[in-house]
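Enquirer: Before I ask anything, here is the structure I am working with.
Every number in this text was worked out from the coordinates using simple rules, so none of it is lab data. Nothing here was measured: the structure is a model prediction, and the numbers come from that model. Cβ placement follows ideal geometry from the backbone for every residue including glycine, while neighbour counts extend to all protein chains displayed.
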Amino acid sequence: MISRKKNLWQAYQSITNEEYILLGFSGKPTYELLREFIYERIGISRFQEVFTQVLKELIFLLNKKNIHLGRHVFQDATDIRSLKHDPDTKYSGYYKHNGYKLDVTLDAEYDIPLYYTPMEITCDEGQNLIPSQEQVASLGLCEEERIVDDSYATFPNIACSELNNVSLFYKIAKNWVSKEEGDPEEIKRLYQKHHRERDFVVNPSLDFMLRYLNKKKEYEAVGGFFRNKRMEESDSKEYKNKCRKRSSNMEGFFGRVKTTTLLDDRPCKRGWIGFLFRAGSSMLTLVFAALIRVQNGITNHLTNVTYLI
């Protein structure tokens, strides 16, 4: 994966005995051992599982160095072109070509991917936000802030994030207006409609009402309340800088990944399975590279594989 060879045999042959030892082997393994492990023990269906396990080990080692991932997070998706006549692909009017899409959640400080989702090119990336936050939490990370594009800023996503104490920042779309349902007085009025229910509480706090209404799936009111607050602060220099930094960092990240891993615009195989292999192997390349560097006492440029080869 790191050597960007087109097949396992080429990669196996390209590594010296000394390099195998640096990678953690006691010596050069047999080709058959690697072939069986990669194609029979792992396989594409387990890429996500291996990714998570490597990430957990990486987090453990970084914690020992007092480096904590996941506090500040970026999330974005990139389009991946497909070969012509790919039977599994779709055409995107937005991107103006056929292909697939990869959604990535990235640690904002160390450029380490914490979650990834391969997608059809026409799918809504906003649906990945809550699963991504659940993944970050399952890794034992304490997410404080997530910066995303406006496509992720749906009312359910905003409500879920803010009520889980994750500050969600996003680009404000030009056609957005202040949501009347999100006004505090409207929140109180909407809450009073449930006065006959058993779990109704008299004179609750605003936080209690928001959480109560969210459980009742009143997402426009709850999400609107938090979005109204973001819209009020969106003209500040600090807010604009947050969104600008996410945009430039994610663009740079995807640019590096496409040129230094198998995730590029020149796929070798057609079809969804081929895309899953390229997406999964690329994300594994990054976390393996980071793990190798941390194991050797290095904590900078962790996922930049040009420093390894």
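Enquirer: Using DSSP to define loop residues, name the GluC sites (Glu not before Pro) in region 150-240 whose beta-carbon has at most 14 other beta-carbon atoms within 10 Å. Walk me through the numbers on the way to the answer.
Expert: Working: sites: GLU162, GLU180, GLU181, GLU185, GLU186, GLU197, GLU218, GLU220, GLU232, GLU233, GLU238; in loops: GLU197, GLU218.
Those satisfying the criteria are GLU197.
Enquirer: Looking at the chain as a GNM with Cα springs under 10 Å, which of ARG35, ARG227, ARG198 has the largest mean-square fluctuation?
Expert: ARG198
Enquirer: As a check on your grasp of the helix formula, calculate [θ] at 222 nm for the chain: sum -39500 (n - 2.57) over DSSP H runs of n ≥ 4, divide by the residue count, round to the nearest 500.
Expert: Details: 11 runs with 138 residues, N = 309.
Dividing the helical sum by the residues of the chain leaves -14000 deg cm²/dmol.
Enquirer: Right, next: Which FRET efficiency, nearest 0.05, do THR16 and ASP150 yield, Cβ-Cβ r, R0 41 Å? Intermediate values should be presented prior to the final figure.
Expert: Values: r = 49 Å, r/R0 = 1.19.
It comes to 0.25.
Enquirer: Does region 173-233 classify as rounded, prolate or oblate by the C-alpha gyration tensor (a ≥ b ≥ c root eigenvalues; a/c under 1.5 gives rounded; else a/b over b/c gives prolate, otherwise oblate)?
Expert: Note, shape of region 173-233 comes out prolate.
Enquirer: Note down the nm distance, to one decimal, between modelled labels 7 Å out along Cα→Cβ at TRP176 and at ASP88.
Expert: The two pseudo-label positions are separated by 3.5 nm.
Enquirer: Report the number of Lys pairs in region 173-233 whose alpha-carbons are under 15 Å apart, with separation of 8 or more residues or on distinct chains.
Expert: The number of close lysine pairs in region 173-233 is 6.
Enquirer: Moving on to the next point. Mind listing which GluC sites (Glu not before Pro) in region 92-147 are in a DSSP loop and have 16 or fewer other Cβ atoms within 10 Å?
Expert: The qualifying sites are GLU109, GLU144.
Enquirer: About its Cα centre, how strong a charge dipole does the chain have in debye, to the nearest 20, once Lys and Arg get +1 and Asp and Glu get -1 at the Cβ?
Expert: About 580 debye.
Enquirer: For region 194-217 and region 45-71, compute the distance between their C-alpha centroids and round to whole Å.
Expert: For region 194-217 versus region 45-71, the Cα centre distance is 38 Å.
Enquirer: Rounded to whole Hz and in sequence order, give me ³J(HN,Hα) for region 52-62 from the Karplus expression 6.51 cos²θ - 1.76 cosθ + 1.60, θ = phi - 60°, writing x for Gly and Pro.
Expert: Calculated HN-Hα couplings, in order: 5, 5, 5, 4, 4, 5, 5, 4, 4, 5, 5 Hz.
Enquirer: If neighbour count is taken as other Cβ atoms inside 10 Å, put ARG246, ARG230, ARG278 in order from fewest to most.
Expert: Going from sparsest to densest Cβ surroundings: ARG230, ARG278, ARG246.
Enquirer: I'd like to know which of GLY93, TYR20, ASN241 lies farthest towards the positive end of the charge dipole of the chain, counting +1 on Cβ of Lys and Arg and -1 on Cβ of Asp and Glu.
Expert: Value computed over the given set: TYR20.
Enquirer: Could you give the length gained on full extension between SER234 and GLU197, defined as 0.36 nm per residue of separation minus the Cα-Cα distance, in nm? Please list the in-between numbers first.
Expert: Numbers: separation 37, 0.36 × 37 = 13.32 nm, distance 3.77 nm.
Additional length available on full extension: 9.5 nm.
Enquirer: What's the extension gain from ASN241 to LEU276 if we count 0.36 nm per residue and subtract their Cα-Cα distance? Walk me through the numbers before you get to the answer.
Expert: Values: separation 35, 0.36 × 35 = 12.60 nm, distance 3.39 nm.
Fully extending the segment from ASN241 to LEU276 adds 9.2 nm.
Enquirer: Among PRO113, TYR219, GLN133, pick out the residue whose Cα is farthest towards the positive end of the charge dipole of the chain, where Lys and Arg carry +1 and Asp and Glu carry -1 on C-beta, about the Cα centre.
Expert: Highest projection toward the positive end goes to PRO113.
Enquirer: Remind me, relative contact order of the chain in percent, using alpha carbon pairs under 8 angstrom and six or more residues apart? Don't jump to the answer; show the numbers that get you there.
Expert: Working: 422 pairs, mean separation 69.4, N = 309.
Value for the chain: 22 percent.
Enquirer: Once the piece of chain linking TYR31 and THR122 is laid out straight, how much longer is it, given 0.36 nm per residue of separation minus the C-alpha distance between them? Each step should come with its number before you reach the end.
Expert: Working: separation 91, 0.36 × 91 = 32.76 nm, distance 3.99 nm.
Working it through step by step, the gained length comes to 28.8 nm.
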